[in-house]
Amino acid sequence: MAIDWFPLWLSLRVAVLSTAMAVAIGIAIAYALANRSFRGRDVLDAAVSLPLVLPPTVLGYYLLVVIGRASPFGRLYEAIFGSPLVFSWQAAVVAALIHSTPLLIKSARAAFEMVDHGYERAARNLGASEWRVFWRVTMPLARRAIVAACTLAFARSLGDFGVTIMIAGNIPGRTQTVAVAIYDAVEGGNGALARTLVLVISGLALAILTIANRVAASRRGGMPA
Amino acid sequence: MIQAQIRKSFAAARDSSAFSLDVEFEVQAGITVLFGPSGAGKTLTLECIAGFEAPDEGRILVGGAILFDGAAKVNLPPRARRCGYVFQNYALFPHMTIRENLRFAARGRQLEKHRKVNEMLERFHLSEVAGRKPREVSGGQQQRCSIARALIGAPNVLLLDEPARGLDAPLRTELYSLLDQVRKEFQTPTLVVTHDLEECFELGERMLVFREGRLVQAGTPREVLERPANLAVARLLGRFNLLPAEVLALDPAQNTSRLRFAGNDLAGPYLKGHFRGDKVWLCVRPEELKVCSRDGKPEPNQIPMQLERAGETPGGVRLQFEHGLTVHVERAEYERLRHNREWMIEFRPEVIRVL
């Protein structure tokens, strides 16, 4: 029988989009957590770890409250784009974002903390603005670990199930990602489809993690002794 | 010119005891050395000037600009202070070449930057390695690059934190002549932190002696060595015999005094501000004392002493006598006297300092 590849393409598209957003949000938060002291830092630190420990259904419920059709954000989105956010493929992006950003923040933060602050101090002393310090010194020195963190976030955003099903649902051909499609196939007794998707997604994840590890294991941005 | 008045205290923490820095000094052009043991607050002083640490109160002026003023709540960020800082490990950016490291710190338009970078590469003999990464060049080249990078932005002050620490002898010599060149060519007031007295002599026109967060003496290295302000400074310098003695008599008319050390009388200079019966410390450098054999009648100010140990040093021989007295003599002198049974030590009145 022919295999419907739509879920795989959807998952990849969702993963690419959500990773791009996760990188923008996550790196800013990770840098702030690693290098700045500000009020509410502990709370922010705990809050970004929350999605790692809460059940997906709880996260999904919160998101339904925040982006649902009755919520201010949901109404605004509907007013701008003409259709509701929930139970669309865009909602799957939001789900993947919630799923992957905490991981990205955790590993990016570790990457920033690995950079010897002596270099940042030297850069400031030489007259560099904070922006310049970040782009010319911190980022290049943490680059490999940051790339690895983004790769990891990409891999993770491929595999969200719980939050996706809560806010994007399971609409074949519209919001059905790989993880959801596999669940559907097993429930529906379609063993061949389930097996194929499981193998493809496992292979993909393995490849991505191998790359991430290899990137991270090469030279690190430490200070020479 | 640098004017600094810095007060900063730290409460005792689990891994450190309470510490307070309270110093006030003024420095003109040229090299000034901040000398003192580790934990005296020298590096903290540099960090306060560079803006890495904020004093609790005080005022820091460099070249007429106020960098910090506790009362007026002025605290410029490090990037606005124009203080060239040479870090102990150089902190050259490892992902940039030598040229890019200099370029990062250069100011002005592209063309201007390019010209400045080339000029500095030339001056510091780095042109040939300009395209290499810091880890691919020698230690001396890294050192030159770090100083060039600190200077390229035309800072109002150059700050060096123990620049010679961990360097072997040839590299140290290179550093001293490099800093001498910098002093002549750039006229940037320079502060150098060190705990090495030899380095003070190599570098400094002026030295500030730090101890436990306080400035205990200021002057040329020669002045400080000739006249340590107090017992603590003398101990810090580590170049003195410090011998307990008692003032027996004072004669302002003759400008002399009589002192008693280890049961012997010594003639000394007149001691202003001391009284008869005062317990004092004789402060004499090992190379200022003379030894001789006990042939014939002892001259005035010669004291018999028991030799405990003789040890070779690069410069000669170090003789250790009873009462913890050390004398440095030249090899030839020692060879001549080594079969001595009894030793006499001569304290010439002009070398006797009293603290």
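Here A:Leu141 fits the description: touching a residue at least 60 places away in the same chain (Cβ under 8 Å) and in contact with a His (Cβ under 9 Å, 6 or more places away or on another chain).
Are any of the residues in segment A:13-24 touching a residue at least 24 places away in the same chain (Cβ under 8 Å), touching a Cys at 6+ places or on another chain (Cβ under 6 Å) and in a helix (DSSP H, G or I)? Spell out the reasoning first.
At the first step, the residues of segment A:13-24 found to be touching a residue at least 24 places away in the same chain (Cβ under 8 Å) are A:13-19, A:21-23.
Next cut, touching a Cys at 6+ places or on another chain (Cβ under 6 Å) only: A:23.
The next check asks that each one be in a helix (DSSP H, G or I); those that pass are A:23.
Yes, segment A:13-24 contains a residue that is touching a residue at least 24 places away in the same chain (Cβ under 8 Å), touching a Cys at 6+ places or on another chain (Cβ under 6 Å) and in a helix (DSSP H, G or I).
Do we have any residue at all in segment B:181-204 that's basic (Lys, Arg) and part of a helix (DSSP H, G or I)? Among the residues of segment B:181-204, at least one is basic (Lys, Arg) and part of a helix (DSSP H, G or I), which makes the answer yes.
Screening B:Thr188 against (1) in contact with a Pro (Cβ under 7 Å, 6 or more places away or on another chain); (2) buried (at least 22 other Cβ atoms within 10 Å of the Cβ); (3) of a type in the set (Ser, Thr, Tyr) leaves a single unmet condition, (2).
For segment B:97-120: of the residues being within 8 Å of chain A (Cβ to nearest Cβ) and either touching a His at 6+ places or on another chain (Cβ under 6 Å) or surrounded by 14 or more Cβ atoms within 10 Å (Cβ to Cβ) (or both), which is nearest to A:Arg132 (Cα to Cα)? Looking at residues that are within 8 Å of chain A (Cβ to nearest Cβ) and either touching a His at 6+ places or on another chain (Cβ under 6 Å) or surrounded by 14 or more Cβ atoms within 10 Å (Cβ to Cβ) (or both), I get B:Phe104. Cβ-Cβ distances below 6 Å connect the following pairs, each with a first residue in segment A:201-225 that is closer than 13 Å to A:Leu141 by Cβ, a second residue that is of a type in the set (Val, Ile, Thr) and at pLDDT 85 or above, and a separation of six or more residues or different chains: A:Gly221/A:Val115.
With the condition kept exactly as written, say whether any residue in segment B:212-220 is in contact with a Ser or Thr (Cβ under 7 Å, 6 or more places away or on another chain) and at positive phi. Checked segment B:212-220: at least one residue is in contact with a Ser or Thr (Cβ under 7 Å, 6 or more places away or on another chain) and at positive phi.
Within segment A:109-126, the residues that satisfy the criterion of being facing chain B (nearest Cβ under 8 Å) and crowded, with 20+ Cβ neighbours inside 10 Å are A:Tyr119, A:Arg121, A:Ala122, A:Ala123, A:Arg124, A:Asn125, A:Leu126.
Scanning segment A:112-145 for residues that are in a helix (DSSP H, G or I) and either on the phi > 0 side of the Ramachandran plot or among the charged types (D, E, K, R) (or both) returns A:Glu113, A:Glu120, A:Arg121, A:Arg124, A:Glu130, A:Arg132, A:Arg136, A:Arg143, A:Arg144. Counting the residues of segment A:153-164 that are within 18 Å of A:Val53 (Cα to Cα), assigned to a helix (DSSP H, G or I) and of a type in the set (A, V, I, L, M, F, W, C) gives 2.
Being surrounded by fewer than 22 Cβ atoms within 10 Å (Cβ to Cβ), more than 14 Å from chain A (Cβ to nearest Cβ), over 20 Å from B:Thr190 (Cβ atoms) and in contact (Cβ under 8 Å) with a residue 40 or more places away in the chain is true of B:Ser9. Out of curiosity, is B:Ala310 over 11 Å from B:Cys292 (Cα atoms), of a type in the set (A, V, I, L, M) and in a strand (DSSP E or B)? Taking the combined requirement at face value, the residue satisfies it.
For segment A:79-97, the count of residues that are surrounded by fewer than 16 Cβ atoms within 10 Å (Cβ to Cβ), at pLDDT below 90 and at positive phi is nonzero. The residue that is farthest from B:Ala150 (Cα to Cα), among those in segment B:64-81 that are buried (at least 16 other Cβ atoms within 10 Å of the Cβ), within 27 Å of the chain's Cα centre (by Cα) and more than 7 Å from chain A (Cβ to nearest Cβ), is B:Phe68. The set of residues in segment B:82-96 that are in contact (Cβ under 8 Å) with a residue 60 or more places away in the chain and either among the hydrophobic types (A, V, I, L, M, F, W, C) or surrounded by fewer than 20 Cβ atoms within 10 Å (Cβ to Cβ) (or both) comprises B:Cys83, B:Val86, B:Phe87, B:Gln88.
The values are calculated or read from the model by the stated rules, or taken from the named source; none is laboratory data. Values in this document were obtained by computation on a predicted structure and should not be read as measured data. Note that we place each Cβ from the backbone using ideal geometry, even for glycine, and neighbour counts take in every protein chain shown.
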